Structure formats: structure tokens, C-alpha cells
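Notes for the one structure printed next.
The values are calculated or read from the model by the stated rules, or taken from the named source; none is laboratory data. Predicted model only: the values in this text are computed from it and were never measured. When we count neighbours, we look across all protein chains shown, and the Cβ atoms used for this are built from the backbone with ideal geometry, even at glycine.
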Amino acid sequence: MVAALEAQGFGKRYRRRTWALRGVDLAVPEGSITALVGPNGSGKSTLIRSWIGFERPTEGSLLTGGIDPRRDRKGAVARVGYVPQSPSLYSGLTVTDHIALAGTLREGFDPDLAARYVERLSIPLSASAGELSGGEQAQVGLSLALGTRAPILLLDEPLASLDPLARREFLHVLVEAVRAEGHTALLSSHVITDIEQACDRLIVLGKGHTLLDLSIAEALAHHRVLEGPVDPAIAADRVVGAFPSPAGEPLTLIRVRSAEPIPPDGVAGERPATLEEVVIGHMAAGRVRRAAERAAAA
Amino acid sequence: MLVATRLTYRINRFEILAIAVATGLSVAVSAAIVAWLTQTDFMSCGHDNFGNIEARCLGMANVGEWVTRIDRASVGLASIFPFVAGLLLGAPLVAREIDRGTARLAWSLSPSRLRWYVQRIGPVIVVLGVAAMAIGIVADRLTGAMMPTADLSNSFVGFHGRGLLLATNALMIGSTAVALGAVIGKPLPTILLSLILGGLLVAAVAEVDMKAFLTNETVVDASGQYDERNLNLDSRFQLPDGSLVTWQQLYDMDPSMAENGPIYPNVSMIIPGERYREIETREALAELGIATLMLVAGALVVLRRRPG
């Protein structure tokens with residue numbers, strides 16, 4: 001597997017005390033659309049910003065398209081199209097102006113391609129950025145990132161400000177562009193249902209650590225959910241984490257070998273896990289682990 | 001380059017427009033004042049022993065009084081223009097982009113932050129320099145209109161308040177605001193700190209020139225006549241052997257002079273007006289040097305800092 005983005009023992013500490021991330025080892029395969037999921041404060045944005053050279057690692061190393069952004073930020077930025085967390089367009093400029101601006105800042109920027117994406121997302125090119133909604137601004141941000149024709153796309157929670165229809169359009173454009181151009185995309189998000197349709201890989205971060213790093217298919221195949229209390233017969237190392245269902249019933253995510261047959265429904269209360277349950281189960285496990293670490297430290 | 005310049009003007013259009021309008025108005029009003037004072041030769045109107053204005057000027061005395069008031073006020077306002085323009089144009093350039101997050105977008109698009117920095121700073125610094133130079137010339141003309149017989153290129157009248165030094169003051173303050181904005185990343189604190197640091201720098205350049213150079217470059221003017229063209233720095237008493245002493249030294253030599261008054265001639269230590277252009281150029285170059293250093297410092301901060 002050739003990795004477009006790599007982290008080895010990566011750690012980032014702010015103001016000498018707080019570790020945003022620590023001991024992160026992961027690799028995002030070239031040509032994949034990878035979802036980066038985790039609760040608020042898990043370090044998703046820090047990791048993404050570090051790959052583009054906006055943050056310096058406190059420990060460990062990173063590679064962006066084979067380039068260490070700490071040593072060659074220009075090279076790293078040149079390989080990346082970035083959509084930041086909050087839309088940050090120039091309010092006094094039109095969408096066309098933004099495309100022209102990107103052209104002045106970056107060699108090889110394709111203004112026609114960016115304009116085509118903007119039009120596909122039904123945003124008028126003549127509109128001033130100040131008149132656009134947060135979602136539309138995120139879509140313009142995606143169009144600019146795609147206009148760079150960069151091999152790697154880093155998208156930092158761009159779906160947060162989008163309504164369901166806009167979210168669907170955004171992901172459609174993203175997936176189509178990635179497949180057509182052979183890009184690699186890393187998309188951080190909380191919206192798991194959309195991720196399942198758009199992404200082929202899943203990384204779960206929790207409290208500064210990597211909790212899960214699998215393909216979506218593997219993630220679904222290797223986990224199941226137990227409804228009701230945990231059967232003591234289940235080995236402790238198979239239990240990932242416990243969490244409530246939306247109705248408040250206790251659920252437990254368990255790890256299985258993908259070859260294991262799923263027992264008939266109702267026999268052991270065991271059923272296939274949804275991607276959301278896989279993510280939530282690992283987040284719950286991360287929370288327990290963090291609490292245990294705190295208790296040990298205390 | 002033209003596209004980048006046009007977009008930089010659009011991004012900063014409020015500030016640029018405000019400064020352009022203020023400069024344009026100032027030039028227009030000043031041109032009218034100078035034209036009126038020149039055509040009417042009002043400044044040469046004399047008064048008789050009773051303080052009455054001479055007959056030919058009677059009809060324009062009221063207007064003339066207002067015009068000269070506006071002239072003086074305009075010269076006074078010109079001296080604060082470098083601060084207003086420097087802070088208004090310089091402070092938001094980098095600070096606002098960091099504060100609003102547009103720097104994050106731009107720096108993710110541009111592998112070279114230096115290119116972004118030059119694109120943003122260049123056109124605005126040109127506007128600042130041109131506007132401040134225009135105001136400097138306006139202040140020069142207004143001062144000249146009030147003193148029609150004076151040769152201002154050989155005179156320290158209005159020193160630091162007209163001509164080239166107003167433009168370099170503005171560039172130095174504007175560049176300071178750019179550099180501080182890159183460090184602070186918030187426009188309002190940048191404006192406040194730049195006001196303080198810019199003021200200190202303007203004062204420091206004049207003070208250093210005074211202490212390091214001008215004080216050692218004075219010549220003795222024993223004419224006993226005050227000449228406003230010269231820069232009067234100090235006065236001394238000249239002893240019969242030609243040596244110069246301060247009042248304290250004179251008193252130490254002969255305490256009775258405190259009661260009888262000094263018996264030696266009082267002479268002025270001056271920089272002759274003929275050296276005005278030379279000294280103006282020297283201070284202007286120092287200010288341009290500081291402005292350049294500030295812009296380089298701003299670039300270094302932009303290259304290293306987080307986008308906010």
C-alpha cells in the first residue's frame with residue numbers, strides 16, 4: 001500500500017501541557033477516500049492542519065505525499081487541496097474573484113475546473129461571498145480545493161454547515177472528482193451516514209489516540225452489536241465498548257473475526273453493527289480508556 | 001500581477017477609498033486655499049500703527065482670516081495624516097486576514113506565503129506612499145502660501161510637518177502596523193500598539209538625529225537676529241577668546257552675573273536653513289530603512305506563524 005498521508009508516533013502538545021494528539025500512527029492509502037471521525041477535541045483538525053504545515057509536531061513525524069511538511073511546507077502545501085473547518089472567504093469578493101485570487105496564488109490552478117464545480121453546486125459565480133450561506137461558502141471552498149488539482153484533498157469538517165441536500169451534493173462532487181482525478185481525500189466529519197456512502201476507509205480518533213483504522217467494509221465485517229446486557233461468556237478482549245441505543249437500551253460493540261457466522265437473530269441478541277455503532281462503540285471505549293488513564297495518573 | 005493588485009484593492013477597498021477620498025479632498029481644498037492666497041497676495045497685507053489692515057485688503061479681510069485659519073488647520077491635520085493613513089491601511093492588512101481566517105484559505109492555496117504577502121502589502125504600501133507624499137506636498141504648499149517670501153527648500157520652517165518626511169513617517173508607521181498585525185493577528189490591538197510604537201519610532205528618529213548628528217553639526221550664529229529658516233538648537237555665551245559657554249558655566253565663572261546680567265554676547269547654535277534638504281533626506285532614509293526592516297520582520301512572522 002502506498003500512503004498518501006502518514007503519521008508515525010505523531011504528537012502535538014499545546015502550551016506545554018495539553019496533548020491534543022499523542023502516539024498517532026496511521027497511513028491513508030493513495031486513491032482512497034478516508035473518513036476521519038472522532039468526538040470534539042479528539043485532534044482531527046490538529047492532525048489535518050499538521051499535514052498541511054499549519055501546525056508543527058511536538059513529537060513524531062508526518063508525511064504529506066512523501067514530503068515532511070515541517071521541512072518542506074511549500075512542497076506539502078503544493079500537494080494538498082484544503083477545505084478548512086469554518087468557511088473563510090473574503091466577504092467583499094465574488095466567487096469569480098476567489099477563483100481569480102486562487103489563480104494568482106498557485107501555479108497550475110485550474111480556474112475553469114473550479115468554476116465548473118461552483119456551477120454544478122448551483123452557486124452563482126457573480127455572488128459576493130458575504131451573500132453566501134455557510135454551506136455555500138464550504139462548497140466554494142471545495143471547488144477551490146478541487147481547482148488546485150492537488151493529488152491530496154484534506155477536508156476539515158466541511159459537512160457541518162451543510163443542509164442534507166447540500167451535503168449530498170457536496171459528497172457527490174467530492175467522490176466524482178476523487179474517482180476521476182485519482183485524488184486521495186481525507187474527510188473529517190461527525191455525519192456518519194454520509195461517510196458510509198462516500199468513503200472507503202475509516203479512522204476513528206479519540207482523546208488524542210487512533211482508536212480504529214480500517215476499511216469501511218472491514219469495520220462492518222469485524223464488529224457486531226449485542227443488544228441487552230453483556231453475556232459474561234463473551235471474552236473481555238472481544239468487547240469494544242458499551243453505549244446506549246437512541247431508545248436508551250444498553251448496546252455493546254464486540255469485535256469478531258470476519259469469518260465468524262452471525263447467529264440467527266434473537267438467539268444471542270447479536271446482530272451486524274451499523275457504521276455509526278462501530279464509531280460510537282470505539283468512541284465509548286476511548287472515553288473509558290481515557291478515564292482509566294486519568295485514574296492511574298491520579 | 002494586475003489581477004492580484006486589483007483583488008488586493010477590492011479586499012481593502014474601504015480603507016483605500018477612505019484614504020483616497022481624504023487625500024483628494026485635502027488636495028482640492030488646499031489647492032483652492034493656495035490659489036486664493038497667491039492671487040490676492042493676502043499674506044503681504046500690512047497693518048498701520050493702529051492695527052488696521054491696509055486699504056487694498058479691506059474687502060477680503062474676513063475671507064482672508066478664514067482662509068488662513070483653514071490653512072493653519074490643514075497644516076496641523078497634515079501632521080497627523082501619517083498616523084491615520086499608516087494605521088488604517090497597515091494594521092488590517094495581515095491582522096484582519098488572520099483574525100477572519102482568510103489567511104488560512106490563502107495560505108492553503110499558496111505554497112509561497114511570501115508571494116501572498118507581497119501581493120497584499122505591495123499595492124497598499126504604494127497607495128500609502130503616494131497619498132502621504134501628496135499630503136506632504138500639500139503641507140509644503142500651504143506653509144509656503146502663508147510665507148510667500150520664504151524659500152522652503154532652504155528652511156526648517158515646519159520641519160517634520162511637511163514634504164518628504166510626512167510620506168516616510170506614514171510608510172514607517174504603516175509598515176510597523178503590518179509587522180505587529182502579523183504577530184498579534186487582531187486588528188484593534190494592532191492599531192493601538194502600532195499607534196504607540198509608531199509614535200515612539202517617529203520621535204526616536206528625530207531624537208537620534210538630534211543627539212547623534214545635529215548637536216555636533218551646529219554652527220554659531222552671532223548675528224543676534226532670529227532667522228526662522230534656521231533650526232535653532234541652543235544658545236551660548238561667547239567669551240572674548242571665542243570659546244562658548246552655557247549660562248551655568250558663565251555663572252560658575254562669575255556669580256555676580258546672576259544680578260548684573262551677562263556681559264558677553266549671546267549667540268545661537270543653529271543648523272543653517274541651507275542644510276534643510278540634506279537633513280530631511282537623511283531622516284527620510286532612516287525612516288525608510290526602518291519601514292523596510294518592519295516589512296521584512298512581518299514577512300518572517302508570516303512565514304513562520306500559524307494561520308490562526
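Here are some notes:
- Of the criteria (1) in contact with a Pro (Cβ under 7 Å, 6 or more places away or on another chain); (2) farther than 30 Å from B:Ser110 by Cβ, which one B:Arg56 fails: (1)
- Test: residue in region A:86-96 that is in a helix (DSSP H, G or I) and more than 19 Å from the chain's Cα centre (by Cα): yes
- Single residue of B:Pro82, B:Pro92 found to be within 14 Å of chain A (Cβ to nearest Cβ), in contact (Cβ under 8 Å) with a residue 24 or more places away in the chain, in a helix (DSSP H, G or I) and out of contact with any strand residue (DSSP E or B) (no Cβ under 9 Å at 6 or more places or on another chain): B:Pro92
- Options A:Ser133, A:Ser61, A:Ser91: the member that is surrounded by fewer than 16 Cβ atoms within 10 Å (Cβ to Cβ), within 9 Å of chain B (Cβ to nearest Cβ) and over 18 Å from A:Thr184 (Cα atoms): A:Ser91
- Taking region B:223-245 as the range and being in a loop (DSSP other than H, G, I, E, B) and at pLDDT 90 or above as the test, the residues that pass are B:Arg229, B:Asn230.
- Some residue of region B:51-64 being assigned to a helix (DSSP H, G or I), of a type in the set (D, E, K, R) and buried (at least 21 other Cβ atoms within 10 Å of the Cβ): no
- Looking only at residues in region B:217-238 that are touching a strand residue (DSSP E or B) at 6+ places or on another chain (Cβ under 6 Å) and free of Cβ contacts under 8 Å to residues at least 40 places away in the same chain, the one that is surrounded by the most Cβ atoms within 10 Å (Cβ to Cβ) is B:Arg236.
- Any hit, region B:9-31, residues being among the hydroxyl-bearing types (Ser, Thr, Tyr) and within 14 Å of chain A (Cβ to nearest Cβ): yes
- Selection of region A:104-122 for residues being more than 7 Å from every other protein chain (Cβ to nearest Cβ) and either over 26 Å from the mean Cα position of the chain (by Cα) or assigned to a strand (DSSP E or B) (or both) yields A:Glu107, A:Gly108, A:Pro111, A:Asp112.
- Residue check for B:Thr292: part of a helix (DSSP H, G or I), more than 26 Å from B:Met146 (Cα to Cα) and at pLDDT below 90: no
- Every residue from region B:117-134 that is hydrophobic (A, V, I, L, M, F, W, C) and either at the interface with chain A (Cβ under 10 Å from one of its Cβ atoms) or under 19 Å from B:Val3 (Cβ atoms) (or both): B:Val118, B:Ile121, B:Val124, B:Ile125, B:Val126, B:Val127
- Residues in region A:39-55 that are within 12 Å of chain B (Cβ to nearest Cβ) and without any contact (Cβ under 8 Å) to a residue 40 or more places away in the chain were compared, and the one that is surrounded by the most Cβ atoms within 10 Å (Cβ to Cβ) is A:Gly53.
- Only one entry of B:Leu114, B:Leu105 meets the criterion of being free of Cβ contacts under 8 Å to residues at least 24 places away in the same chain and within 14 Å of chain A (Cβ to nearest Cβ), and that entry is B:Leu105.
- In the set (1) in contact with a strand residue (DSSP E or B) (Cβ under 6 Å, 6 or more places away or on another chain); (2) in a loop (DSSP other than H, G, I, E, B), B:Pro111 fails one condition alone, (1).
- For B:Gly199, the test of being in a helix (DSSP H, G or I), more than 18 Å from B:Ala297 (Cβ to Cβ) and modelled with pLDDT of 95 or more is passed.
- Residue satisfying all of: in region B:13-50; among the β-branched types (Val, Ile, Thr) and either at pLDDT 95 or above or under 24 Å from the mean Cα position of the chain (by Cα) (or both); surrounded by the most Cβ atoms within 10 Å (Cβ to Cβ) among these: B:Ile19
- Screening the candidates A:Leu101, A:Leu21, A:Leu36 for the property of being touching a helix residue (DSSP H, G or I) at 6+ places or on another chain (Cβ under 9 Å), surrounded by 24 or more Cβ atoms within 10 Å (Cβ to Cβ) and within 11 Å of another protein chain (Cβ to nearest Cβ) yields one hit, A:Leu101.
- Here A:Asp68 does not qualify as out of contact with any Gly (no Cβ under 6 Å at 6 or more places or on another chain) and within 7 Å of chain B (Cβ to nearest Cβ).
Residue-wise test of (1) among the charged types (D, E, K, R); (2) assigned to a strand (DSSP E or B); (3) touching a residue at least 60 places away in the same chain (Cβ under 8 Å).
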{"residue": "B:Thr8", "(1), (2), (3)": "no, no, yes"}
{"residue": "B:Glu15", "(1), (2), (3)": "yes, no, yes"}
{"residue": "B:Val21", "(1), (2), (3)": "no, no, no"}
{"residue": "B:Leu25", "(1), (2), (3)": "no, no, no"}
{"residue": "B:Ala28", "(1), (2), (3)": "no, no, no"}
{"residue": "B:Ala32", "(1), (2), (3)": "no, no, no"}
{"residue": "B:Ala35", "(1), (2), (3)": "no, no, no"}
{"residue": "B:Thr38", "(1), (2), (3)": "no, no, yes"}
{"residue": "B:Met43", "(1), (2), (3)": "no, no, yes"}
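- Residue within region B:168-188 that is touching a residue at least 40 places away in the same chain (Cβ under 8 Å), β-branched (Val, Ile, Thr) and surrounded by fewer than 24 Cβ atoms within 10 Å (Cβ to Cβ) present: yes
- Check on A:Gly53, at pLDDT below 95 and over 19 Å from A:Leu21 (Cβ atoms): no
- Residue match in region B:277-285 (condition: of a type in the set (A, V, I, L, M) and under 29 Å from B:Gln119 (Cβ atoms)): yes
- The single residue among B:Arg162, B:Arg120 that is in a loop (DSSP other than H, G, I, E, B) and among the basic types (Lys, Arg) turns out to be B:Arg162.
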